[in-house]
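Here is the structure we will look at, set down as structure tokens.
The values are calculated or read from the model by the stated rules, or taken from the named source; none is laboratory data. Note that the coordinates shown come from a computational prediction; the quantities given were computed from them, not determined experimentally. Here the Cβ is made from the backbone with ideal geometry for all residues, glycine too, and neighbour counts use every protein chain on show. What goes into the accessible areas is simple: the full protein's heavy atoms, side chains included, and nothing from ligands, DNA or RNA. Shrake-Rupley method; radii C 1.70, N 1.55, O 1.52, S 1.80 Å.
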Amino acid sequence: MNAFFEIIGLLAALLTTISFLPQVYKTWQTKDTSGLSLTMFIVFFLGIILWLIYGIYLNSLPMILANTITAVSSMYLIIMKLKHK
């Protein structure tokens, strides 16, 4: 039963992380950040870092993978927002 929930966690991590990537790709391609809220992404990034710490504490592979990828992606968007004001 534990393996079932690990698969559920990995699937959830995959879907939520993948859903974020089109925004990162679009921003990378167009360099247009006018539609992005800097405040929202800073708060989001901090939340993701806390989820990552929690995932590390729980030794949860799905949480660690998803939040690492999302943290890097959101940090990229924050940097792009600051660079292309």
Count charges around Ile79 for me, please; just the other residues with Cβ under 13 Å from its Cβ, Lys/Arg as +1, Asp/Glu as -1.
-> +4
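Let me have the 222 nm mean residue ellipticity of the chain computed from DSSP H runs of 4+ only, each contributing -39500 (n - 2.57), with the sum over all residues rounded to the nearest 500. Walk me through the intermediate numbers first.
Details: 3 runs with 73 residues, N = 85.
Result for the chain: -30500 deg cm²/dmol, rounded to the nearest 500.
At 1.4 Å probe size, with every protein chain present, just tell me what the per residue accessible area of the chain comes to in Å².
Working: 5910 Å² over 85 residues.
Averaged over the residues of the chain, the accessible area is 70 Å².
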What list of ³J(HN,Hα) values in whole Hz, one per residue of the stretch 44-51 in order, does the Karplus curve 6.51 cos²θ - 1.76 cosθ + 1.60 (θ = phi - 60°) give from phi, with Gly and Pro shown as x?
-> 4, 4, 4, x, 5, 4, 5, 4
Under a GNM of the chain (C-alpha, springs under 10 Å), which listed residue has the highest mean-square fluctuation: Ile48, Ile56, Ile64?
-> Ile56
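In the chain, what percent of the accessible surface is made up of carbon and sulfur (1.4 Å probe, ligands and nucleic acids excluded)?
Details: 4410 of 5910 Å².
Taking all protein chains in place, the chain shows 75 percent carbon and sulfur surface.
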Using r as the Cβ-Cβ distance of Met1 and Asn59, and R0 as 22 Å, what FRET efficiency do you calculate, to the nearest 0.05?
-> 0.75
The chain: most fluctuating residue of Thr27, Thr16, Thr39 per GNM, C-alpha cutoff 10 Å | Thr39
Dividing the mean separation of Cα pairs under 8 Å (6+ apart) by the residue count of the chain yields a relative contact order in percent of 44 percent
With θ set to phi - 60° and the Karplus curve 6.51 cos²θ - 1.76 cosθ + 1.60, what are the ³J(HN,Hα) couplings of the stretch 5-14 in order, to the nearest whole Hz, using x for Gly and Pro?
-> 6, 5, 5, 4, x, 5, 5, 4, 4, 4
